[in-house]
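What follows is one structure encoded as structure tokens, with my remarks underneath.
The values are calculated or read from the model by the stated rules, or taken from the named source; none is laboratory data. Fair warning: this is a prediction, and the values are worked out from it, not measured in the lab. No Cβ is skipped: glycine too gets one built from the backbone with ideal geometry, and neighbour counts run over all protein chains shown. SASA here: full protein model, heavy atoms, side chains in, ligands and nucleic acids out. Shrake-Rupley method; radii C 1.70, N 1.55, O 1.52, S 1.80 Å.
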Amino acid sequence: MYNNIISYKLIIIGKVQGVGFRYWFNKEAIALNLKGYVKNLHNENEVESIIQGQINNILHFVEKCKKGPRLAIVEKVISKNIITDKVYTNFEIQ
């Protein structure tokens, strides 16, 4: 079954744990009406997210992630359009 919800997987690399990154990410995603989740990965320099929403909001958000919150030092943002059957109804921090 095909749906027109656009999904992206993001991996943000750098000083992104212990600096309020997930809380900033959550607030910014909700402001852009994006759904999905953000979570820390076992590697302390990485955060993972799945975001769903309108493509222009997703692309705008990916650009914002390259800077992140004040205390973060983002080295790299890997973003990839993915196909998933899961449809998120809100945004959450995992």
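The heavy atoms of Glu63 present about 110 square angstrom of accessible area, all protein chains included, probe 1.4 Å. Within straight-line reach of Lys35, meaning a Cα separation under 19 Å, sit the following aspartates and glutamates at least 8 residues removed in sequence or on another chain: Glu48, Glu63, Asp85, Glu92. If you look at the Cα atoms of segment 35-78, you get an Rg and a Dmax of 11.0, 30 Å.
With K and R counted +1 and D and E -1, the other residues having a Cβ less than 12 Å from that of Tyr37 yield a net charge of +3.
Of Ile30, Ile11, the residue with the largest accessible area leads and the full order is Ile30, Ile11 (1.4 Å probe). Taking Cα centre as origin and charging only the Cβ of basic (Lys, Arg, +1) and acidic (Asp, Glu, -1) residues, the dipole magnitude of the chain rounds to 180 debye.
Could you check what % of the DSSP bridge pairs in the chain are antiparallel, to the nearest 5? Looking only at bridges with both residues in the chain, the antiparallel portion is about 90 percent. For the chain, the fraction of C-alpha pairs more than 19 angstrom apart is 32%.
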